[in-house]
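Take a look at the structure set out below.
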Amino acid sequence: MRNKLASSDQLEALRALAPALAATSGHDVGGGRFATGLASLDDHLGGGLGAASLHDLYAGAGGDAPAALGFALGLAWRAAQATGERRPLIWGLDEGSRREIGRPYGPGLAELGLDPERVLLVEVRDAAALLGVGEEALASPAVGAVVLGAWGESKVFSLTASRRLAMAARTAGRTLMLVRAGADPTPGAAETRWRVRAASSAPLEAGAPGHPAVEAALIRHRGGVAPRTWIMEWDREQRSFIAPPPLSGGLVSRPADRAGHASAPGEGLRRAG
Amino acid sequence: MLVDKDRGALRITAADVTAQRAGLEPGLALADAQARVPTLEAWPHQPGEDDAFLTRLLEDFGRFTPMIARDAPHGLMLDVTGCAHLFGGEAGLMKQVAVRADALGLTTRLALAPTSQAARALARFGNGGRFGRAEARAAVRALSVEALELDPRDATALKRAGLKRIGDLDDRPRAPLAARFGADFPQRLARILSEADIRITPHRPPPPCVHDRRLVEPITETADIERVLGDLLAETTVWLERNGQGGRAFQAGFWRVDGQVRRVTVRTGRPTRDAAAVLRLFREKLAALPAPLDPGFGFDQLRLAVPLIAPLIERQARLQAGGAGLLDPETPDLAPLIDRLTARLGEAAVLRFRSQGSHLPERAAVLVGAEEAGEGVAWPQPAPDDPPSRPLQLFVPPQPVEAVAEAPDGHPFRFRWRRVVHDVARAEGPERIAGEWWRSRTQRTRDYYRVEDREGRRFWLFRQGQYGDAEGPRWFIHGLFP
C-alpha cells in the first residue's frame, strides 16, 4: 500500500515535470519570445529568441569576446524589457574574462544606452562559481535577464550543467545568455547556439569607426530552424539591433575605406611602444 | 617560573604557587633564587605570549557575558549584570567560571562585587569571594591601603601616618586626604568602597541584541548547529519585532569546548527580521568559509548577536521613496539576491557601477559593493547619433602596445598587442585628456584614439607623451569596444 502511494506521488511529480522536460528536450519552446529588432532575424526565428531559455554564444575568436558580450548584453536588455518591469540585468564574469578583456566599464554601458544603474555585476573566480551565480540569479523574481561571460575551455560546461541552466531559465521564465570565448562549442541544452564575431562598422565621416556592428551566425537551433548568418548594428536610441546601412553592409570588410581618411604610411611614420 | 632581564640582572617576573611557597617572589634575582632553590625551572618571560593568551581567554570567557574587558595587568573584568540567572545565579556563575579556569590550568582568584573596582580590589588584595553591597564594603574596609593602588610613596606615607587599612581612611574626612594625595583620591576610595561605579569598557562593544544558547551536550553536526541557530534567530526576530527594528548584520558566535571561539557574520542590504532568510545566509556563508567551521570536540555555546540594527521600514513606506537603479523601490526586490550572492562570494564580488564625474577614464566610474551606501553623480549622456566614445571593457592599468603612427598626432596605422599585429582600418582621434595635475604631478596628458582593425574589432588606444619629448611617446591600450 505504502509503496503504491509513493509511486503515485512520484508519478504526480513526473507529470508536473513533464512540460518542462518537453521544453528542454523537444521542439516546443514556450514561455514567450522577445524580438531582437532585426526583422530578418526575428522572422527567421518565428518572432525572436525564446524568453525563458538558455542561449549559448561563442566568440568566433578570443578577440571577438567584446563583440559577443555586447551582443549578449543587447539581447539580454531587450529580454529584460520584455518582462514588462524595470528589472535589472545580472552580469556574471569569470576571472579569465577579466584578465583577457578587462573589467566592465560603466560609461561604456551607458554609451550603449544600457543604464549602468540597472546592471548588477558579479565577479567570480571560475566557471563553477559562474554557473552558481546563473542559477541563483534565475531563482530571484527580481531579475530581468542574466548574462554570464566565461573564458576558456572547462569541463564544468557539461551537458548536465547546460540542462540545469536551461531548466532554471525555463522555470524562472527568464533569459540566460552564456557567452564563452576561447572555447569550442560543446553539446548543450540551449535553445539557440551562436557564433559571434566583430564586424566592420559602417564608417562615419573622416573614416571614424561607426556604430557597434556584429556578425552573428546561428549554428544550431533546438527547433530545427536553419542556420544563417546576420550582420547587424546596435542602435543606442532604440536599444535595438538594426540592419547596417545598405552601402556599408556586407560580409567583407573593406580595407579600401582606409585610403579615404588616412594618407598612406609615409615620411612622418614613427614607431613607438 | 618566568624570568626577564631587569636592572642588569635576570629577575623573576612570575612564579607559580609552588615557587611562591618556597619564598620566591617576583623581583628576586634569578641567581639568588637558584641559590635558595637549586631545582627551580625558569623560562624567559614573553610578554607577547601573555598578551595573546589573555586575548584568547577574553574571547572564551565572553561566553558568560558580552560585557567583558581586560583588567590590567593580568585580569579579566566581567560585567555580569543580568547574566547570572543564565548560569544558576551568582554562586552558580562563579562556580562555572572557576571550573572553566581550572580546566584551562589557571590559578585564579575570583571576586564578585557590586562595582568593578571593589571586585578588583577584593580579587587582587583580598581572598576573593562573592559579596553583596554591605559585605563588600566591610571586606574592602579590611583591606590594606595598597588596594587603592596608589603611588608607592603615597602608600608608604599613609602607613607611616598609621593609616594601614582602607577602613582607617574611610573613617576620616575626605577633604584633607584630597588636599594631601590629590583630587582623585576620594574618588578612588569611593569606587573601591562601592559608593561610586565606573562602567567597564568592553573588549567589543556589546551588540544591542544578544541571544545565547548554552548546550548541555556539545554539538558537532551541521544539522544541529543549524537547528540551534534557527532557534536563536526565532528569539532574535521576536526581540526585533518588539523593538520595531531590523538587523543589517547578524553575528553567530561558536564557543568550542576547548575555549576556541569562532565568529561568523552575515550582512544584509536592508534591515530584516526574516529568520528563514538570515538562516539561509548563514548556511551559504558557513558552506563558503575559507577555513571551515571546525567543531573539534563540539560547541557548547552558541550566541546570536545583532551588531547592526536599523528601524525596519515596511514595504509600504518604501513605495513613497524616490530613487532609481538597483534598489529602486518600483522594481521587485533585488536585495535578497544581493545578500545571497554576497554571503556566498564575498562583498568584493557583488558590484554595481558608480559614476564619479571625473574626466579621467579610470576615475570616471568605479565598481563598488552592491550594498555600499551613497549615490554617484549622473551618468554622462552620450551624444546622439555618435558611436560609443567609451569602451565596454576597461583595462586597469592600461596595457602597453607597440604602435606605428604618424607624427606628431596621427592615429596608429598598426599596433601590436599580445603578440598579435592589428592593422588599423578606421580611426578617430585624438581626444585629448589631461592628467589630474592636482592629484599627481607626474600624470601626463593622453591622446586617445578609437580604432578599428581589419577584422572589425574596436580598440581604445592612447598615446602618452609627444614625439620629440625626451622620453618619447608611449602607446597603451585602455579598453575594448563591442
### Summary
The residue that is farthest from the chain's Cα centre (by Cα), considering only those in segment B:428-472 that are over 22 Å from A:R103 (Cβ atoms), open to solvent by 20 Å² or more (accessible area, probe 1.4 Å) and modelled with pLDDT of 80 or more, is B:R454
#### Entry: Options A:S140, A:S158: the member that is facing chain B (nearest Cβ under 7 Å), out of contact with any strand residue (DSSP E or B) (no Cβ under 7 Å at 6 or more places or on another chain) and over 18 Å from A:R236 (Cβ atoms)
A:S140
### Query
Applying the selection to segment B:382-439, what residues are within 9 Å of chain A (Cβ to nearest Cβ), among the acidic types (D, E) and assigned to a loop (DSSP other than H, G, I, E, B)?
B:D385, B:D386
### Query
When A:D64 is evaluated against the numbered criteria (1) more than 9 Å from chain B (Cβ to nearest Cβ); (2) on the phi < 0 side of the Ramachandran plot, which criterion, by number, is the only one it fails?
(1)
### Query
For B:R124, all conditions in the list (1) open to solvent by 60 Å² or more (accessible area, probe 1.4 Å); (2) not in a helix (DSSP H, G or I) hold save one; what is the number of the exception?
(2)
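Every residue, every condition in (1) assigned by TED's automatic domain parsing to the domain that holds B:E372; (2) open to solvent by 40 Å² or more (accessible area, probe 1.4 Å); (3) in contact with a strand residue (DSSP E or B) (Cβ under 9 Å, 6 or more places away or on another chain), yes or no:
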residue: B:L229; (1), (2), (3): no, no, yes
residue: B:L232; (1), (2), (3): no, no, yes
residue: B:T236; (1), (2), (3): no, no, yes
residue: B:A252; (1), (2), (3): no, no, yes
residue: B:R270; (1), (2), (3): no, yes, yes
residue: B:A277; (1), (2), (3): no, no, yes
residue: B:R283; (1), (2), (3): no, yes, no
residue: B:A288; (1), (2), (3): no, yes, no
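Name the single residue, out of those in segment A:110-129 being closer than 29 Å to B:V420 by Cα and more than 7 Å from chain B (Cβ to nearest Cβ), that is surrounded by the fewest Cβ atoms within 10 Å (Cβ to Cβ). Outline the logic, then answer.
First, the residues of segment A:110-129 that are closer than 29 Å to B:V420 by Cα: A:111-112, A:123-127.
When the remaining residues are screened for being more than 7 Å from chain B (Cβ to nearest Cβ), the result is A:125-127.
Working: A:R125: 12, A:D126: 15, A:A127: 23.
The residue in question is A:R125.
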### Single residue of segment B:150-163 satisfying the filter (loosely packed, with under 15 Cβ neighbours inside 10 Å and not in a helix (DSSP H, G or I)) that is nearest to the chain's Cα centre (by Cα)
B:D151
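Hey, does segment A:196-213 have a residue that's more than 14 Å from chain B (Cβ to nearest Cβ), among the polar types (S, T, N, Q) and not in a helix (DSSP H, G or I)?
Let us first name the residues in segment A:196-213 that are more than 14 Å from chain B (Cβ to nearest Cβ), namely none.
No; the residues of segment A:196-213 include none that is more than 14 Å from chain B (Cβ to nearest Cβ), among the polar types (S, T, N, Q) and not in a helix (DSSP H, G or I).
I need the full set of residues from segment B:473-482 which are of a type outside the set (A, V, I, L, M, F, W, C) and open to solvent by less than 10 Å² (accessible area, probe 1.4 Å), in order please.
So the first thing to find is which residues in segment B:473-482 are of a type outside the set (A, V, I, L, M, F, W, C), and the list is B:473-474, B:478-479, B:482.
Passing the criteria: B:H478, B:G479.
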### Message
When you check B:P292 against the structure, is it surrounded by fewer than 16 Cβ atoms within 10 Å (Cβ to Cβ) and not acidic (D, E), yes or no?
### Response
yes
### Summary
Note on segment A:214-229: residues of a type in the set (D, E, K, R) and either assigned to a strand (DSSP E or B) or within 12 Å of chain B (Cβ to nearest Cβ) (or both) are A:E215, A:R220, A:R228
### Query
Residues in segment B:341-353 that are facing chain A (nearest Cβ under 7 Å), open to solvent by 30 Å² or more (accessible area, probe 1.4 Å) and not in a helix (DSSP H, G or I): how many?
1
### Query
So is A:G63 under 20 Å from A:R99 (Cβ atoms), crowded, with 23+ Cβ neighbours inside 10 Å, touching a residue at least 12 places away in the same chain (Cβ under 8 Å) and among the small types (G, A, S) or not?
yes
### Query
Within segment A:144-155, restricting attention to residues that are within 14 Å of chain B (Cβ to nearest Cβ) and modelled with pLDDT of 95 or more, which residue is surrounded by the most Cβ atoms within 10 Å (Cβ to Cβ)?
A:V146
### Task
Return the total of residues in segment A:72-108 being within 16 Å of the chain's Cα centre (by Cα), of a type outside the set (S, T, N, Q) and more than 7 Å from chain B (Cβ to nearest Cβ).
16
### Task
Go through (1) open to solvent by 10 Å² or more (accessible area, probe 1.4 Å); (2) modelled with pLDDT under 95 one by one and return the number of the condition A:G48 breaks.
(1)
### Summary
Picked from segment B:3-46 (must be in a loop (DSSP other than H, G, I, E, B), open to solvent by 80 Å² or more (accessible area, probe 1.4 Å) and not acidic (D, E)), the residue nearest to B:H74 (Cα to Cα) is B:Q46
### Query
Only one of B:L319, B:L312, B:L327 is at pLDDT below 85, over 29 Å from B:V261 (Cβ atoms), more than 10 Å from every other protein chain (Cβ to nearest Cβ) and buried (at least 17 other Cβ atoms within 10 Å of the Cβ); which?
B:L312
### Message
Condition first: part of a loop (DSSP other than H, G, I, E, B) and at the interface with chain A (Cβ under 7 Å from one of its Cβ atoms). Can you find one or more residues in segment B:370-379 that meet it?
### Response
yes
### Task
Those residues that are charged (D, E, K, R), more than 14 Å from chain B (Cβ to nearest Cβ) and either on the phi > 0 side of the Ramachandran plot or open to solvent by 20 Å² or more (accessible area, probe 1.4 Å) (or both), I need them from segment A:164-182; list them, please.
A:R164, A:R170
### Task
Residues being more than 30 Å from B:A19 (Cβ to Cβ) and among the hydrophobic types (A, V, I, L, M, F, W, C): count how many of those fall in segment B:86-117.
4
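Here are A:P209, A:P185: which of them is open to solvent by 40 Å² or more (accessible area, probe 1.4 Å) and more than 25 Å from A:V143 (Cβ to Cβ)?
Working: A:P209 fails: open to solvent by 40 Å² or more (accessible area, probe 1.4 Å).
One residue alone meets the criteria, A:P185.
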### Query
What number of residues within segment B:363-388 are under 28 Å from A:G63 (Cα atoms), touching a residue at least 60 places away in the same chain (Cβ under 8 Å) and open to solvent by 40 Å² or more (accessible area, probe 1.4 Å)?
1
### Task
Within segment A:151-167, identify whether any single residue is within 12 Å of A:I90 (Cβ to Cβ) and part of a strand (DSSP E or B), and answer yes or no.
no
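The values are calculated or read from the model by the stated rules, or taken from the named source; none is laboratory data. This is a predicted model, so every value here is computed, not measured. No Cβ is skipped: glycine too gets one built from the backbone with ideal geometry, and neighbour counts run over all protein chains shown. Areas reflect the complete protein model, heavy atoms only, side chains present, ligands, DNA and RNA absent. Shrake-Rupley method; radii C 1.70, N 1.55, O 1.52, S 1.80 Å.
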